[in-house]
Amino acid sequence: MGAIPVHDTPPGPFLDYAAAIKEAIDVPVVAVAKLDDPVLAASAIADDKCDFIALARQMLCDPYWPQKVKQRQLDKIIHCKYCMTCHTAQQKGEPIRCAQNAKESA
Ligand SMILES: Cc1cc2nc3c(=O)[nH]c(=O)nc-3n(C[C@H](O)[C@H](O)[C@H](O)COP(=O)(O)O)c2cc1C
Ligand code: SF4
């Protein structure tokens, strides 16, 4: 698995690493990678695996994720499919765009 996990990687693949780092040091730890499921994101913090979660691709896909979670509109979240179209564009030197939410991320 690479540093940017793709669609067939299970959610939250680095959470156990975050938890191990949190055990070892005494500064806030931010977990990242495939944490777009609000239940998983909340439980990662509640279970003390991390202090914060970061969203990269999910925010390209639906920048209203935080607002929708706060307002309990989970069914309205447009979830990232982890297809890597955004990253491929960046690697080619093109503007980053989202395959399923081009308007939002333009
Ligand atoms: C288009 C794109 C550009 C990224 N650029 C950087 C970068 O410049 N530096 C970095 O540390 N990580 C970069 N990342 C990795 C993200 O910060 C993040 O660690 C990774 O995408 C996993 O999180 P996610 O599942 O929330 O996308 C990039 C990811 C994507 C998709
Ligand atoms: S193009 Fe959109 S759906 Fe595909 S990985 Fe990037 S943010 Fe997610």
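The values are calculated or read from the model by the stated rules, or taken from the named source; none is laboratory data. None of these values were measured; they are calculated from a predicted model. Every residue, glycine as well, gets a Cβ built from its backbone with ideal geometry; the counts of neighbours run over all protein chains shown. Side chains included, ligands, DNA and RNA excluded: accessible areas come from the protein's heavy atoms. Shrake-Rupley method; radii C 1.70, N 1.55, O 1.52, S 1.80 Å.
A few comments on the model shown:
- Candidates PRO11, PRO38, PRO28: whichever shows maximal mean-square fluctuation once the chain is modelled as a Gaussian network with Cα springs under 10 Å: PRO28
- Listed peptides 47-60, 12-25 by packing density, highest first (mean Cβ within 10 Å): 47-60, 12-25
- Spin-label model distance (nm) - CYS83 vs ILE21, 7 Å beyond Cα toward Cβ: 3.0
- Only DSSP H runs of four or more residues enter the estimate; each adds -39500 (n - 2.57), and after division by the residues of the chain the mean residue ellipticity at 222 nm equals -9500 deg cm²/dmol.
- The lysine pair count for the chain, using Cα distances under 26 Å and pairs eight or more places apart or on different chains, is 22.
- Charge dipole (Cα centre; +1 on Lys/Arg Cβ, -1 on Asp/Glu Cβ; no other charges) of the chain amounts to roughly 520 debye.
- For the chain, the fraction of alpha-carbon pairs in successive 10 Å shells from zero, as %: 15, 42, 32, 11, 0
- Per residue, the accessible area of the chain comes to 65 Å² when a 1.4 Å probe rolls over the protein heavy atoms.
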